[in-house]
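One structure is given here, and the rest of the page talks about it.
The values are calculated or read from the model by the stated rules, or taken from the named source; none is laboratory data. Being a predicted model, the structure only gives us computed values, none of them experimental. Here Cβ is always computed from backbone atoms with ideal geometry, including for glycine, and neighbour counts include all displayed protein chains. These area figures cover heavy atoms from the full protein model, side chains too; ligands, DNA and RNA do not enter into them. Shrake-Rupley method; radii C 1.70, N 1.55, O 1.52, S 1.80 Å.
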Amino acid sequence: MGKLRGQRSRPPDDAASLPLAAHLQSCGRAGDLRRARALHARLVLSGAAAASTFLANHLITTYSRCADAGSAARVFRAVPRPNLVSWTALVSCLARNSLHRDALDAFAAMRRAGVAPTEFALSSAAGAAAALAAPRLGAQLHCVAVALGFDAELFVASNLADMYSKCGLLGEACRVFDQMPHKDAVAWTAMIDGYAKNGSLEASVLAFRDMRREGLVGADQHVFCSALSASGGLKDGLLGRSIHCSVMKAGFELDTIVRNALSDMYAKSGDVENASRVVKIDPGGWNVVSGTSLIDSYIENDRVEEALGVYTELRRQGIEPNEFTFSSMIKGCAMQALLEQGVQLHAQVIKTNLIGDSFVGSTLVHMYGKCGLISLSLQLFSEIECHTEIAWNAIINVYALHGHGREAIKAFDRMVSSSIRPNSITFVSLLTACSHAGLVDEGLKYFYSMKDAHDIQPKEEHYSCIIDMYSRAGRLDEAEKFISEMPMKPNAYGWCSLLRACRMRGNKELGEIAAQNLLKLEPGNTGIHVSLSGMYASLGQWDDVKAVRKLMKDSSIKKLPGFSWVDANNKTHVFGSEDWSHPQHEQIYEKLEKLSERIKAEGYVPDTNSLPLILEDSAKERILRYHSERIAVAFALISMPATKPIIVKKNLRICIDCHSAMKFISKVESRDIIVRDNSRFHHFVKGMCSCGDYW
């Protein structure tokens with residue numbers, strides 16, 4: 001201790017330097033770099049800078065606070081005999097100015113010089129290791145702290161806990177935290193934030209509650225942001241509201257960072273109204289983070305119109321959207337296949353020079369794929385500079401939507417050969433692509449490779465893809481066997497796929513099993529009764545058909561009506577079956593009649609067996625002729641330029657007869673017709689469909 005006091009004491013002439021030191025401190029507090037340099041020049045001219053280590057230390061600290069680490073380092077190198085304060089000031093300066101590697105190098109040099117570090121130097125070095133996420137260096141610093149008896153010091157222990165948590169070593173962080181005799185807001189923040197960022201959301205929330213229970217009133221905005229992030233991840237709106245109350249009591253509600261965290265929490269909890277209310281607390285406080293969070297909330301709740309409104313408000317206030325804003329908006333356009341709005345956003349992405357961003361590029365690939373324009377998806381994918389996991393997943397999913405199984409497999413193989421690891425989402429898209437293309441053997445190979453080659457445990461959605469694959473291929477016995485050997489029960493998608501296949505192939509016994517299991521999972525799904533009725537009708541079991549329909553009537557179960565919609569002239573036009581409410585219904589009716597005559601002349605024969613009704617064939621033909629997708633196509637043919645492809649969206653699966661009719665319409669009209677039903681895309685070109693009649 002005697003040596004330590006000797007090092008820290010000032011030379012006799014330091015008393016005369018006190019006024020200059022006070023001036024330097026004033027410059028540091030104000031961040032006045034210009035005045036600090038002027039004082040430094042005076043000290044150099046007078047020779048005091050070189051003669052007084054005391055003043056040199058103050059210069060280092062002043063330059064540190066003025067964010068001029070280079071000048072601070074030069075002052076340190078000019079000191080003939082740096083003392084403990086000099087070394088501590090240098091390490092702290094470098095860490096404070098984000099020169100973390102240099103800070104650790106300076107700390108190592110301090111140790112080599114035989115100078116025992118103070119708790120402040122050790123704390124700064126631990127902070128640098130945390131910023132670099134360097135657990136090995138951090139552990140070495142921990143050993144030094146233990147050896148010097150600083151491991152229980154508040155500053156040191158807090159930074160060590162923060163370092164371990166940022167490196168993902170939560171067990172070590174907890175041990176350091178638990179051994180602290182006293183814990184302040186900084187220590188609690190380290191743990192709450194560490195838990196949240198490492199995915200231990202419940203532990204983060206519990207730590208926040210423990211902190212509040214101990215009556216610690218020093219919680220700052222960083223603590224609240226971490227706790228709000230955790231509650232948002234848990235989608236726990238009740239907890240989030242209680243934290244919001246604490247935020248208001250602490251007076252942080254108008255703090256920009258906290259307000260952004262609040263809106264994000266409400267958005268992730270599905271509480272769009274409160275998310276919007278938080279953003280609008282301060283009319284002049286809109287920013288790109290809060291606006292993007294609100295947009296994302298609306299998109300996640302399928303409220304795209306409101307998201308467009310928020311986006312327009314951001315632009316009106318002169319706030320430039322970032323890559324996350326664009327990604328959320330483009331995702332919304334993809335969800336509802338809003339091609340016109342998607343194209344406008346694409347143009348704005350180009351104007352803001354974000355077209356090279358992999359994340360934005362991937363969402364554009366997805367959007368054009370969901371809107372039916374696979375050629376544009378492929379073009380944009382080829383223009384992405386760095387093909388990340390997200391980009392590969394996007395293009396494989398596009399191939400899956402369009403039934404291009406072989407191309408999806410090639411993309412997957414290229415992804416793996418590029419050293420990009422596939423994830424569970426990749427395999428859902430890949431298996432779906434194989435299913436839609438009838439590539440059963442290939443799909444099975446990739447399914448079993450998940451665990452063996454990629455260390456990914458298949459989930460229920462992957463198992464359901466295999467059920468769908470077998471079902472579409474008509475291999476119902478294998479589907480049944482696969483279900484019996486599954487480690488879990490199929491989800492609704494799996495049973496629905498099996499029921500649909502049983503209806504198409506008239507497998508009554510297995511179809512009834514599928515329907516019973518599906519009813520347990522989705523008792524409100526009206527499609528179950530419709531599929532059962534259709535299956536019985538295909539087998540000619542009309543008594544069973546009547547029984548199902550009576551059950552539907554008695555239970556007030558109504559068949560979900562089919563709708564189709566098409567975008568034309570900046571407006572979405574929606575049509576139902578035999579729907580004549582459109583202002584142009586007379587022209588549409590006339591076009592449909594002409595189309596019917598022309599496609600029959602080309603060889604079209606109505607498939608009246610596809611309608612499970614006891615009616616004359618002529619009556620069935622009339623019903624089929626006025627299905628919603630045909631009305632939408634007829635409207636598009638009389639309303640849209642011949643150069644534009646016709647893109648029709650449908651809420652149900654396209655029927656067999658309409659699928660056949662669309663092929664003939666594309667041929668006689670020489671138009672590309674794209675139909676997106678609730679399962680996939682069908683591209684009708686010159687009398688052929690991209691699905692190869694396999695769907």
| Subset of region 52-101 that is open to solvent by 40 Å² or more (accessible area, probe 1.4 Å) and free of Cβ contacts under 8 Å to residues at least 24 places away in the same chain - its residue that is nearest to ASP32 (Cα to Cα) | ARG74
| remark: In region 536-571, anything among the polar types (S, T, N, Q) and either exposed (fewer than 14 other Cβ atoms within 10 Å of the Cβ) or in a loop (DSSP other than H, G, I, E, B) (or both) is listed as GLN541, SER555, SER556, ASN569, ASN570
| task | Would you mind stating whether ARG671 is more than 24 Å from HIS366 (Cβ to Cβ), of a type in the set (D, E, K, R) and either open to solvent by 40 Å² or more (accessible area, probe 1.4 Å) or not assigned by the TED database to the domain that holds HIS582 (or both)? | result | no
| Looking at (1) aromatic (Phe, Trp, Tyr); (2) open to solvent by 10 Å² or more (accessible area, probe 1.4 Å); (3) within 29 Å of MET469 (Cα to Cα); (4) within 20 Å of the chain's Cα centre (by Cα), which is the only condition PHE427 fails? | (2)
| said: I'd like the full set of residues that are of a type in the set (S, T, N, Q) and over 38 Å from the mean Cα position of the chain (by Cα), limited to region 502-535. | reply: ASN507, SER533
| GLU522 being among the acidic types (Asp, Glu) and at positive phi | no
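Residue-by-condition table, conditions (1) within 20 Å of ARG406 (Cβ to Cβ); (2) crowded, with 20+ Cβ neighbours inside 10 Å; (3) more than 37 Å from the chain's Cα centre (by Cα):
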{"position": "ILE646", "(1), (2), (3)": "no, yes, no"}
{"position": "LEU652", "(1), (2), (3)": "no, no, no"}
{"position": "ASP657", "(1), (2), (3)": "no, yes, yes"}
{"position": "ARG680", "(1), (2), (3)": "yes, yes, no"}
| remark: If we keep only residues of region 608-617 that are open to solvent by 50 Å² or more (accessible area, probe 1.4 Å) and not in a helix (DSSP H, G or I), then the residue modelled with the highest pLDDT is GLU616
| field | Answer residue from region 499-518, given it is out of contact with any helix residue (DSSP H, G or I) (no Cβ under 6 Å at 6 or more places or on another chain) and over 16 Å from ALA537 (Cα atoms) and is least open to solvent (accessible area, probe 1.4 Å) among those | value | ILE513
| query | Which number in (1) more than 20 Å from ASP567 (Cβ to Cβ); (2) in contact with a His (Cβ under 6 Å, 6 or more places away or on another chain); (3) open to solvent by less than 30 Å² (accessible area, probe 1.4 Å) marks the one condition that SER690 misses? | reply | (3)
| said: Can you confirm whether LYS620 is more than 27 Å from PRO583 (Cβ to Cβ), open to solvent by 40 Å² or more (accessible area, probe 1.4 Å) and not in a loop (DSSP other than H, G, I, E, B)? | reply: no
| message | Just to be sure before I move on: is ALA130 surrounded by 18 or more Cβ atoms within 10 Å (Cβ to Cβ) and farther than 27 Å from PRO80 by Cβ in the structure I sent? | response | yes
| query | Which of the helices (runs of 4 or more DSSP H) contained wholly in region 30-71 include at least 3 residues that are modelled with pLDDT of 80 or more? | reply | 33-46, 53-65
